[in-house]
Amino acid sequence: MTSDTDDVRAAADVSCQPPISWQLLTIDVWARARTSIAFNCRSIGRGLVSICERHQIPWTMADLFFKVATFCFDDCFAHSWHSLDELQEVVTGNGFPFTVECRGQELLIVPHNLPHSTWMLDLRHNNLSRLEPASFQSLWSLRILLLSDNQIEVVIARSFRSLGFLERLDLSNNLLSSLPHDFSRGLGSLRELRVPSNRLTALNYESLRHMESLEKLDLSKNYLSSIEQGAFRGLSRLRHLHLQSNLLDSVRGGYFFMLQNLELLDLSDNNISSIAVESFTSLHSLRLLSLSDNQLSHLKFKTFLNLQTPSTHIQVSGNPWICDCDLQRVFGKITSVRHLHIDDYDNLTCAGPPQLSGAALVSVDNQLCVAETATVLVITITVLVTVIAAIVMAERNRKKNQEKNWNEPDGPFETQDK
């Protein structure tokens, strides 16, 4: 029977090597090229396609090698064997990027002694539970790190500090309840961060502050109920922000400050019942705003009027709308603004008042202000009738008093004349 220590050691010693190294691929292409009568870029392309098909290597990686090969030559269509030797020395001596696949091997820790030139590391579907500073300390060339579908609960401080060239990090489907304050330390080149389907409950500025190159951030399907004011303010290049399927109950004014390049903001499937008027003011590039499946019953027109963008599509279906004249006026004003578009207006359903519950808003929107208009009209008519009646009564009283004055004797002078 093996001990837990033996299991960990065995996991650490697992050899996760790529199915075919770029060195072997290069040598194979050279062998084919040497037999060609006229060696040129097309022979490289044919050789790469043949080998990639045989070893099931993605074409994009073949394209990458092709670019490197052409970069190493001054003249792609007329080069000497000497230049090929130089290329061989560059590739085998300095190392060409590896794709290291350790997927589904029940690893408990990150394997040791991975090639320094590893370009992509696939550790998906293992049993990793924590990340430490030593986990990736020698992988300076790493561009893509896939860690989804593990059991990761803890990320120790500065675990990614040596990954200065990392561009994509996937932590989907793990057990993270928080991101450490210096989580982003060393991730200045990161362009995509995925942390959906974890257990995050709060988000703070310090966790994301060093990701100045980040373009896509996915925090969906967590338990986020709190976001620190300005938590995203350091992400000036962010274009896509996914916050759907969390527990947010409101959108406050400082959430999305400084995100001037944001194009997509998904807040659907939360518990949002209120939105601060200034929430979206700084989102000058926003193209899609999803507020579907929340707890919104009313909206303020100024909230969306502050969206000064070329064109923004808004999704608001699946909310418990109180269909009254105020709501009809808000939507009417929004649709009258040229750059704002309600994509799912035809799918909006009334949750109240009781007599309209379940009705499609589009089928009753023309009637919502009728009752209010009728009430105003009745009140106006009533006031008008009252005023007219008062005027008539006043006129009658005036005439009556005037006639009375004419019929009364003039006093002692009239008697004396008689």
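The values are calculated or read from the model by the stated rules, or taken from the named source; none is laboratory data. Not measured: the values here are computed from a predicted model. Positions of Cβ are generated from backbone atoms using ideal geometry, with glycine treated the same way; all protein chains shown enter the neighbour counts. In case anyone asks, the SASA skips ligands and DNA or RNA and just uses the protein heavy atoms, side chains included. Shrake-Rupley method; radii C 1.70, N 1.55, O 1.52, S 1.80 Å.
What's the number of the only condition in (1) assigned to a helix (DSSP H, G or I); (2) in contact with an Asp or Glu (Cβ under 8 Å, 6 or more places away or on another chain) that ILE314 fails to meet?
Result: ILE314 passes all but (1).
Quick one: count up the residues across the range 201-211 that are part of a loop (DSSP other than H, G, I, E, B) and within 16 Å of the chain's Cα centre (by Cα).
Initially, the range 201-211 is screened for residues part of a loop (DSSP other than H, G, I, E, B), giving 201, 204, 209-211.
Still in the list and also within 16 Å of the chain's Cα centre (by Cα): 211.
The number of residues fulfilling the criteria is 1.
Within the range 277-300, can one find any residue that is small (Gly, Ala, Ser), touching a Gly at 6+ places or on another chain (Cβ under 7 Å) and over 25 Å from ALA359 (Cβ atoms)? Spell out how you get there, then give the answer.
Pass one, the range 277-300, residues small (Gly, Ala, Ser): 279, 282, 285, 290, 292, 297.
Next, only the ones that are touching a Gly at 6+ places or on another chain (Cβ under 7 Å) stay: 279, 292.
Of the ones still in play, those that are also over 25 Å from ALA359 (Cβ atoms) are 279.
Yes.
Do you know which residues across the range 263-280 are over 14 Å from the mean Cα position of the chain (by Cα) and of a type in the set (Ser, Thr, Tyr)?
Keep residues of the range 263-280 that are over 14 Å from the mean Cα position of the chain (by Cα), which gives 271-279.
Passing the criteria: SER273, SER274, SER279.
Within the range 110-141, which residues are assigned to a loop (DSSP other than H, G, I, E, B), open to solvent by 70 Å² or more (accessible area, probe 1.4 Å) and within 23 Å of VAL154 (Cβ to Cβ)? Break it down into steps so the answer makes sense when it comes.
Restricting attention to the range 110-141, the residues satisfying the condition of being assigned to a loop (DSSP other than H, G, I, E, B) are 110-117, 123-129, 132-141.
Adding the requirement that they be open to solvent by 70 Å² or more (accessible area, probe 1.4 Å) leaves 112-113, 116, 125, 132, 137, 140.
Result: HIS112, HIS125, GLU132, GLN137.
Let me confirm something: among SER135, SER162, SER226, SER129, which residue is closer than 30 Å to SER279 by Cβ and among the small types (Gly, Ala, Ser)?
Values: SER135 fails: closer than 30 Å to SER279 by Cβ; SER162 fails: closer than 30 Å to SER279 by Cβ; SER129 fails: closer than 30 Å to SER279 by Cβ.
Just a single option satisfies the conditions, and that option is SER226.
Does the range 330-358 hold any residues that are surrounded by fewer than 14 Cβ atoms within 10 Å (Cβ to Cβ) and more than 28 Å from the chain's Cα centre (by Cα), and which are they?
GLY352, PRO353, PRO354, GLN355, SER357, GLY358
Restrict the check to the range 381-394 and report whether at least one residue is over 30 Å from LEU259 (Cα atoms), open to solvent by 100 Å² or more (accessible area, probe 1.4 Å), in a helix (DSSP H, G or I) and modelled with pLDDT of 85 or more.
No - not one qualifying residue is present in the range 381-394.
In this structure, is ASN366 within 23 Å of the chain's Cα centre (by Cα) and not hydroxyl-bearing (Ser, Thr, Tyr)? Even if it seems obvious, please write down each step before you answer.
Values: within 23 Å of the chain's Cα centre (by Cα): no; not hydroxyl-bearing (Ser, Thr, Tyr): yes.
Spelling it out, it is not the case that ASN366 is within 23 Å of the chain's Cα centre (by Cα) and not hydroxyl-bearing (Ser, Thr, Tyr).
Return yes or no: is ASN294 open to solvent by 20 Å² or more (accessible area, probe 1.4 Å) and either within 30 Å of SER363 (Cβ to Cβ) or at pLDDT 95 or above (or both)? Please lay out each step first, then the result.
On the way: open to solvent by 20 Å² or more (accessible area, probe 1.4 Å): no; either within 30 Å of SER363 (Cβ to Cβ) or at pLDDT 95 or above (or both): yes.
Considered against the rule, which asks whether it is open to solvent by 20 Å² or more (accessible area, probe 1.4 Å) and either within 30 Å of SER363 (Cβ to Cβ) or at pLDDT 95 or above (or both), ASN294 comes out as no.
Pick from SER172, SER197: which is within 22 Å of GLU215 (Cβ to Cβ), open to solvent by 20 Å² or more (accessible area, probe 1.4 Å), part of a loop (DSSP other than H, G, I, E, B) and at pLDDT 95 or above? Step through it out loud before you land on a result.
On the way: SER172 fails: open to solvent by 20 Å² or more (accessible area, probe 1.4 Å).
Testing whether each residue is within 22 Å of GLU215 (Cβ to Cβ), open to solvent by 20 Å² or more (accessible area, probe 1.4 Å), part of a loop (DSSP other than H, G, I, E, B) and at pLDDT 95 or above leaves just SER197.
From the set of residues in the range 142-169 that are within 20 Å of LEU214 (Cβ to Cβ) and among the polar types (S, T, N, Q), which is surrounded by the fewest Cβ atoms within 10 Å (Cβ to Cβ)?
Step by step, filter the range 142-169, then rank; the result is SER162.
Go through the range 111-129 and report how many residues are on the phi < 0 side of the Ramachandran plot and under 30 Å from the mean Cα position of the chain (by Cα).
Our first condition is that a residue be on the phi < 0 side of the Ramachandran plot; within the range 111-129, this holds for 111-112, 114-124, 126-129.
From what is left, the residues that are under 30 Å from the mean Cα position of the chain (by Cα) are 118-124, 126-129.
Residues flagged as on the phi < 0 side of the Ramachandran plot and under 30 Å from the mean Cα position of the chain (by Cα) within the range 111-129 amount to 11.
Starting from residues that are among the basic types (Lys, Arg) and modelled with pLDDT under 95, keep the ones in the range 212-262 and report whichever is nearest to the chain's Cα centre (by Cα). Don't jump to the end; show me each part of the working.
Let us first name the residues in the range 212-262 that are among the basic types (Lys, Arg), namely 216, 221, 233, 237, 239, 252.
Add one more test, that the residue is modelled with pLDDT under 95, and what stays is 233, 252.
On the way: ARG233: 14, ARG252: 17 Å.
In this case the residue turns out to be ARG233.
Taking the residues in the range 277-291 that are open to solvent by 30 Å² or more (accessible area, probe 1.4 Å) and of a type in the set (A, V, I, L, M) as candidates, determine which candidate is nearest to THR312 (Cα to Cα).
Going residue by residue through the range 277-291, those that are open to solvent by 30 Å² or more (accessible area, probe 1.4 Å) are 277-278, 281, 284-285, 287-288.
With of a type in the set (A, V, I, L, M) added as a condition, the list becomes 277, 288.
Numbers: VAL277: 17, LEU288: 6 Å.
Step by step, filter the range 277-291, then rank; the result is LEU288.
Among the residues of the range 301-329, write down those that are within 18 Å of CYS369 (Cβ to Cβ) and open to solvent by 10 Å² or more (accessible area, probe 1.4 Å). Please lay out each step first, then the result.
To start, the set of residues in the range 301-329 that are within 18 Å of CYS369 (Cβ to Cβ) comprises 301, 321-329.
Scanning the range 301-329 gives PHE301, ILE322, ASP324, ASP326, GLN328, ARG329.
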